[in-house]
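Notes for the one structure printed next.
Values in this text are rule-based calculations from the coordinates and carry no lab data. In this text, all values refer to a predicted model and were calculated from it rather than measured experimentally. Every residue, glycine among them, receives a Cβ derived from its backbone with ideal geometry; neighbour counts consider all protein chains shown.
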Amino acid sequence: MEHTSAVKHVKHLASPRIHRIVGQVQGIERMIENEKSCPEILTQISAIRASLLSLSTLLLENHINHCVREDIANGQFEKIAELNTLLNRLLK
């Protein structure tokens, strides 16, 4: 599967998550403007981190199941090094 096709495959699942994350970030901006308490703001930041982790997991699973699997099946093992780099970035 071509990379863009793999992205199209997951687009309908990622889009609502992205919109929710944007809304959460805007909510934090409003909370700060309205001088909400630090614990309330930090709770929302925690929710955003969880949402971002969920989105990144979705995209990583899609990448492995489509792009990496296909490249390995075609004898192209460079995707393994790329996958290791991606995992290191996500786990920091």
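Details
- The phi-based Karplus calculation (6.51 cos²θ - 1.76 cosθ + 1.60; θ = phi - 60°) puts the 3J(HN,Hα) values of the stretch 77-92 at 9, 5, 5, 5, 5, 4, 4, 4, 4, 4, 4, 4, 5, 5, 8, 7 Hz, whole numbers, x for Gly and Pro.
- The gain in end-to-end length when the ARG20 to GLN44 segment is fully stretched comes to 7.4 nm, 0.36 nm per residue minus the alpha carbon separation.
- Spin-label model distance (nm) - HIS9 vs LEU52, 7 Å beyond Cα toward Cβ: 2.6 nm
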